[in-house]
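Input: a single structure, listed below in structure tokens.
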Amino acid sequence: MDEEWRRVLTGEKRGHFCWNPTVRRISRAIPSDPRCKLCDTPFGRPGNVLRFLGFGPSRINRRICSGCIHALKKRPGGAEVEATFLFADVRGSTALAESVGAEEFRGLMARFYAEAAAAVDVRNGIVDKFVGDELVALFIPGFAGPDHAANAVEAAQDLLVRTGHEEDAPWLPVGAGVHVGPAYIGTVGEDEALDFTALGDPVNTAARLSSVAGPGELLVSADAALAADWRPDGAERRTLDLKGKSQPVDAWVVRAAALEGASA
């Protein structure tokens with residue numbers, strides 16, 4: 001089963017854990033985006049009629065259909081594959097929530113969720129979760145393609161532009177981090193507590209990079225930059241001692257003021 005998971009996650013086989021292959025081929029032919037990241041079931045019109053058959057966005061992850069989640073529960077597992085991980089969170093959110101009040105803060109976070117999801121979705125990433133003021137996104141080869149690292153870096157740049165940092169007057173202060181490496185990707189938990197997520201040191205490293213990024217900063221590890229064939233103009237290179245890491249991490253630091261026009 002782990003080998004089957006590996007084939008799906010690396011893109012060697014599409015939709016193995018999902019529903020009827022004939023119906024899946026038909027659904028792929030319907031011009032309707034966005035789609036389930038596992039089986040291509042359409043979520044937008046006109047294909048969204050399939051939600052009435054139980055194949056709408058799942059409650060566990062709205063980028064994966066309920067049919068796939070049901071199939072994953074029957075065949076839990078995962079595999080270790082190389083992927084790219086993007087974390088982004090709001091800087092100074094505690095003080096911000098105190099200063100603007102609960103209702104306005106809720107509106108800011110709702111807008112942040114929408115902009116982050118759009119930046120990730122258009123590049124075939126998966127929003128793993130939103131945790132309070134933090135985005136966790138996965139760029140898996142089987143869904144984002146062989147350029148998963150480049151897609152993750154572009155999504156992070158896009159998010160900083162979408163939050164207004166390129167104009168040096170953001171409507172929400174955000175910092176982001178990107179790292180690449182082999183991690184476990186698949187199901188964790190069981191029954192109603194089942195989740196589709198990623199675990200491992202590369203995931204933790206991306207989180208740590210994001211945590212030390214200042215407002216309007218993107219920290220891309222040297223490994224991720226190499227995988228993305230990314231050569232940032234005018235970027236600063238830092239060697240960082242990240243919390244919990246035994247070895248320092250080299251990273252490129254890009255400030256959003258240099259990203260004008262990056263939004264897709």
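The values are calculated or read from the model by the stated rules, or taken from the named source; none is laboratory data. Computed from a predicted model, the values in this text were never measured in an experiment. As a convention, Cβ positions derive from the backbone with ideal geometry for all residues, glycine included, and neighbour counts pool all protein chains shown. For accessibility, only protein heavy atoms count, side chains too; no ligands or nucleic acids. Shrake-Rupley method; radii C 1.70, N 1.55, O 1.52, S 1.80 Å.
Of the whole protein surface, Ile69 contributes about 10 Å² of accessible area at a 1.4 Å probe radius. The stretch between Ala114 and Asp33 holds 27.6 nm of extra length on full extension. This uses 0.36 nm per residue minus the Cα-Cα distance. Taking the chain as a Gaussian network of alpha-carbon nodes connected by springs under 10 Å, the highest mean-square fluctuation of the residues Ala225, Ala235, Ala156 belongs to Ala235.
For region 112-189, the gyration tensor built on C-alpha atoms gives a prolate shape. Its axis ratio a/c (a ≥ b ≥ c) is at least 1.5, and a/b is the larger of a/b and b/c.
Straight-line reach from Lys129: taking Cα to Cα under 24 Å and skipping same-chain neighbours fewer than 8 places apart, the lysines in range are Lys37, Lys73, Lys74, Lys243, Lys245. Taking all protein chains as they are arranged and a probe of 1.4 Å, the heavy atoms of Lys74 leave approximately 150 Å² accessible to solvent. For the chain, the share of DSSP beta bridges that are antiparallel, to the nearest 5, is 95%. Largest mean-square fluctuation among Val212, Val100, Val253, in a Gaussian network model of the chain whose springs join Cα atoms under 10 Å apart, belongs to Val100. For region 132-151, the residues whose backbone nitrogen is under 20 Å from a point 7 Å from the Cα of Arg7, taken along Cα to Cβ, are 140-146.
Shown for the chain: the carbon plus sulfur share of the solvent-accessible area, taken with all protein chains present and a 1.4 angstrom probe, equals 50%. About the centre of its Cα atoms, the chain shows a dipole size close to 1160 debye [charges on the beta carbon of Lys, Arg (+1) and Asp, Glu (-1) only; nearest 20 debye]. Here region 118-191 is treated with +1 on each Lys and Arg Cβ and -1 on each Asp and Glu Cβ, and its dipole about the Cα centre works out to around 160 debye.
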